[in-house]
Each structure stands twice: as C-alpha cells, then as structure tokens.
Amino acid sequence: MKFFVDTAEIDAIAELNATGMVDGVTTNPSLIKKSGRDILEVTKEICDLVDGPVSAEVVSTEADAMIAEGRKLVEIADNIAVKVPLTWDGLKACKALTDDGHKVNVTLCFSANQALLAAKAGATFISPFIGRLDDINLDGMDLIADIRQVYDNYGFETEILAASVRTVNHATQCALVGADVMTAPPAVIKSMINHPLTDKGLDAFLADIKDAGIKIL
Ligand code: E4P
C-alpha cells in the first residue's frame, strides 16, 4: 500500500520523506488555508520535494472553470494530480483532464456508486472518506471494501486512495482490505511505529549494552 501524506506543511512532508514513507501528497482547500500559504507557491514546493503524485484541488464548481484551473495546476509540475469533487461537473472535468493525459483525483466519495462513476470517467484516483463516514456512525471501512470488490469485478485501474484516515487502526484496515493508497496526516503515519514491547525491549537491550560496555565503533 502506498502512503500519501495529507498535509500542506513542508517540514512535516520533508521529515517523513527522509524515511521513505512518502509516495505522494494530498492537499485540499482546508489544508491550504491551515498552512497560511499561497496555493500555487506551496504546491510547487511540495512537488519539488516529492517524486510521487501531489494532489491539488480545484476551487470552482462548474466544469469549464475546473478544467481551466486543472490545466493551470498541471503547469506547476509533472507530478500534479488535479483533485475534483464528485459532482457531475467534477466528472466532466475528470474526463476532459484525463483525456488531456493528466492525473485526476476524484474526491469527496461516500458511496460505491460514486466510485463506479469516477472510474468510468477515467479517474486516476478515487478518494473515499473513511473518517467522515465514521463521524456519522457508518463504517467507512465497509466503503473501501465495497469499492475494492466493484473495481476488481470489472478490472478498473482507478486506484483506491483511502482518505480521511484518522487512526492507526484505519491504516491497518486499509491495508487488510486492499486499498491501493492511504492518505493520512503526518501524526497518524508517525504513530504507526508505536508498540510498548518495542520500547520495553529496547530499554532492556540498552541496559545490557551499558552493563557489558558493548561497543561497535
Ligand atoms: C484527502 O484527500 C482528504 O481531503 C482528507 O483526507 C480529508 O480528511 P478529513 O476528513 O480528516 O478532513
């Protein structure tokens, strides 16, 4: 499973990138607002830092305007994926931009039917939002599993980009049900390493290293 980092914070992306954990980045208008940066400027910096796809979201709601914005966004760098909302206008923009040869991430997906439509429109990525379904007492992970089955039934190549990942358990479940990609905030990815037995085991080894005076260099 590929890991995308769901942030527009350059330092956080750079820190994880140094460990090989960054296969791509996703941003959205809320994350751009949080960064306090200009969208074109910060997106360019992210693209310079990361080799994989960097999702940048359009801000219009009408297809022709989305297409024009998408064509401007892809001028930033070769690794831009234009993010469009899951509306009919968004799907029209998705088809036009993918026909141009650009990567498109269709976002705000909350049903398997929506994911089916996005795949037929040629989406590179579909972004089902797990956490926001959990927020309304539905199981977001069921949606990932349903989309996996639908796409596998018909051989769609659209990648399932599990989004709105809020917990380390979401990460495990995404991998188990076969999401192609998970996008998660840096804090969630960093928490995936935690295990008390690792800490306890290392403490014991360090005590023995000290007692025995073990040195390598
Ligand atoms: C990513 O593409 C999404 O915009 C993001 O994962 C949404 O997460 P949230 O529901 O925690 O805001």
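Since every read-out is calculated from the coordinates, none of them should be taken as a lab result. Just so we're clear, the structure is a prediction, and the values are computed from it rather than from any experiment. Neighbour counts run over all protein chains shown; Cβ positions are idealised from the backbone, glycine included.
Of note:
- Residue-span extension gain [Ala65 to Ala77] - 0.36 nm each, minus C-alpha spacing: 2.3 nm
- Environment charge of Ala162, counting only residues whose C-beta is closer than 14 Å and scoring Lys/Arg +1, Asp/Glu -1: -4
- GNM result for the chain, Cα springs below 10 Å: residue of Thr198, Thr19, Thr107 fluctuating most strongly: Thr198
- Under the simplified labelling scheme, the Asp203-Thr98 pair shows an inter-label distance of 5.2 nm, with each label point 7 Å from Cα along Cα→Cβ.
- The residue list Leu116, Ala96, Ile13 was ranked by how far each Cα lies along the charge dipole of segment 1-123 toward its positive end, using unit charges on Cβ atoms, and Leu116 comes out on top.
- Note on the chain: GNM, Cα springs under 10 Å; of Gly20, Gly201, Gly178, the largest mean-square fluctuation is that of Gly201.
- Over segment 74-217, relative contact order from alpha-carbon pairs under 8 Å, at least 6 apart, %: 16 percent
- Against the compact-protein benchmark of 2.2 N^0.38 Å, the Cα-based radius of gyration of the chain scales to 1.15.
- Zone residues, segment 1-42, relative to Asp152, backbone N less than 18 Å from point 7 Å out along Cα-to-Cβ: 1-2
- Counting 0.36 nm for each residue step from Met1 to Glu45 and taking away their Cα separation leaves a gain of 13.4 nm.
- If you take the Cα centroid of segment 69-119 and the Cα centroid of segment 3-32, the two points sit 20 Å apart.
- Cross-link pairs Lys44/Lys103; Lys2/Lys33; Lys34/Lys95; Lys44/Lys72 - those with Cα-Cα distance over 22 Å: Lys2/Lys33; Lys34/Lys95
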